[in-house]
């Protein structure tokens, strides 16, 4: 049972409609459609069009450009979770003979391989993929590397084309077929395709200085398809947003999705507004950290963002090469919805049963002289909270062997275990070799290096 309303309130719907109407009018966009997903369900969609009475429905396809990369990244992470590859593997271990042989799979996923942003000419987005028939044609062999690998973020469309070819090599079939079988069918996304299927929007360029339009060509980008080939709908992308928020064990576990949205390369500055994980962009927008992706191809822009803290996601699709800024619109829709209808927290409830041994572990602990408290959470989890500014804290997941594994911050992945004295009583906690005791530097036998026998002293 949830206390969230089944639908958005009229004032919220009005604000969202106003936002997309302004975007369509000021962006001079032939049409656009947008939607808001709350707790995994499409709760609002709206559309605007230059033709009265013919606004697109959530079932109309638009080209989604680089949102395609999020699908390719999931296919690669599935291979990693199956043990078919390691993210630290150089590409040449699985797909030899490309101009990016030394780049690791993680670097390609995070755009940190240092390789070129685009293919050799001509512009791949508006030309047929037959001009690049082999993976060796995706990069200039003499000038593929633009930066030292692993040192900085440098967006690369050919990098994702190589990842698509990697999927094909390891699965033994075209990446589009793998995508359909492993992702689209399980998630019910039957309107997401490599090529447009009726009904779909046509793509246009709008003249920058006059209210006239030019149709954009529809191209089969061939081997570059994994960088931006897909077509999808607002309804299908709502399902994709729900998946990106919570995971689906038929496709990818929630823990792996959480790994994808962690920054893979450090931002350029402390006041960063955008960074990148493993196939997912991260964006700061009006005080929120969102994850998802922006997309564009000639004639189309697209955006999908998820706000984990708000339980919200939004998508926006338009059929103009520039103007509407669908990624920004999607972020604005999250902000509007969250401001009009802030998430209602789940009610507090006590634990279903009391484990006396775990309960005895709660309360104050000390790392040296730094004070902490240990809280017992649901599913036998623990939370270590610092009482002094600048100290380290983390949440921990209970393991079957009686230990706990850190979930975040400094202790992520580290093991917390209870150390007992000879009589069975708790001596101290060991957290990755750090000792936590019930008193500052006490009892002495538990403290590495010992404790001065004179104990605590005054001046």
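The values are calculated or read from the model by the stated rules, or taken from the named source; none is laboratory data. Since the model is a prediction, treat every value here as computed from it, not as a measurement. As a convention, Cβ positions derive from the backbone with ideal geometry for all residues, glycine included, and neighbour counts pool all protein chains shown.
Summary of computed values
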read-out: Hits in the stretch 355-370 - residues which are free of Cβ contacts under 8 Å to residues at least 40 places away in the same chain and touching a strand residue (DSSP E or B) at 6+ places or on another chain (Cβ under 9 Å); value: 355, 357, 358, 359, 362, 363, 370
read-out: Unique match (being assigned to a loop (DSSP other than H, G, I, E, B), more than 30 Å from residue 346 (Cβ to Cβ) and touching a residue at least 12 places away in the same chain (Cβ under 8 Å)) among 59, 52; value: 59
read-out: In the stretch 211-240, residue surrounded by the fewest Cβ atoms within 10 Å (Cβ to Cβ) [restricted to those that are in contact (Cβ under 8 Å) with a residue 40 or more places away in the chain and more than 30 Å from residue 135 (Cβ to Cβ)]; value: 211
read-out: Condition broken by residue 349, with the remaining ones in (1) assigned to a loop (DSSP other than H, G, I, E, B); (2) surrounded by 14 or more Cβ atoms within 10 Å (Cβ to Cβ); (3) not assigned by TED's automatic domain parsing to the domain that holds residue 68 satisfied; value: (2)
read-out: Selection within the stretch 99-120 - more than 27 Å from residue 240 (Cβ to Cβ) and surrounded by fewer than 24 Cβ atoms within 10 Å (Cβ to Cβ); value: 99, 101, 102, 114, 116, 120
read-out: Residues being under 25 Å from residue 397 (Cβ atoms) and either modelled with pLDDT of 95 or more or in contact with a strand residue (DSSP E or B) (Cβ under 7 Å, 6 or more places away or on another chain) (or both) - total across the stretch 412-449; value: 22
read-out: Residue satisfying all of: in the stretch 384-400; in contact with a helix residue (DSSP H, G or I) (Cβ under 7 Å, 6 or more places away or on another chain) and closer than 18 Å to residue 418 by Cβ; surrounded by the most Cβ atoms within 10 Å (Cβ to Cβ) among these; value: 394
read-out: Number of positions in the stretch 385-398 that are within 26 Å of the chain's Cα centre (by Cα) and either assigned to a strand (DSSP E or B) or modelled with pLDDT of 95 or more (or both); value: 5
read-out: Residue count for the stretch 241-281, restricted to those that are surrounded by fewer than 20 Cβ atoms within 10 Å (Cβ to Cβ) and closer than 24 Å to residue 41 by Cβ; value: 11
read-out: Candidate set from the stretch 361-370 (those that are at pLDDT below 95 and exposed (fewer than 15 other Cβ atoms within 10 Å of the Cβ)); member that is farthest from residue 443 (Cα to Cα); value: 369
read-out: For residue 275: the one exception among (1) under 16 Å from residue 155 (Cβ atoms); (2) in a strand (DSSP E or B); (3) modelled with pLDDT of 95 or more; value: (3)
read-out: Failed condition for residue 295, given (1) in a loop (DSSP other than H, G, I, E, B); (2) under 16 Å from residue 192 (Cα atoms); value: (1)
read-out: Test: residue in the stretch 300-315 that is at pLDDT 95 or above, in the same structural domain as residue 206 (by TED's automatic domain parsing), over 30 Å from residue 266 (Cβ atoms) and buried (at least 22 other Cβ atoms within 10 Å of the Cβ); value: yes
read-out: Verdict on residue 184 being under 22 Å from residue 236 (Cα atoms), modelled with pLDDT of 95 or more and crowded, with 20+ Cβ neighbours inside 10 Å; value: yes
read-out: Yes/no for residue 402 being assigned to a loop (DSSP other than H, G, I, E, B), under 25 Å from residue 350 (Cα atoms) and in the same structural domain as residue 363 (by TED's automatic domain parsing); value: yes
read-out: Failed item, numbered, when residue 33 is tested on (1) in contact with a helix residue (DSSP H, G or I) (Cβ under 9 Å, 6 or more places away or on another chain); (2) buried (at least 23 other Cβ atoms within 10 Å of the Cβ); (3) part of a helix (DSSP H, G or I); value: (3)
read-out: Single unsatisfied condition, residue 323 versus (1) under 28 Å from residue 259 (Cα atoms); (2) surrounded by 13 or more Cβ atoms within 10 Å (Cβ to Cβ); (3) assigned by TED's automatic domain parsing to the domain that holds residue 70; value: (1)
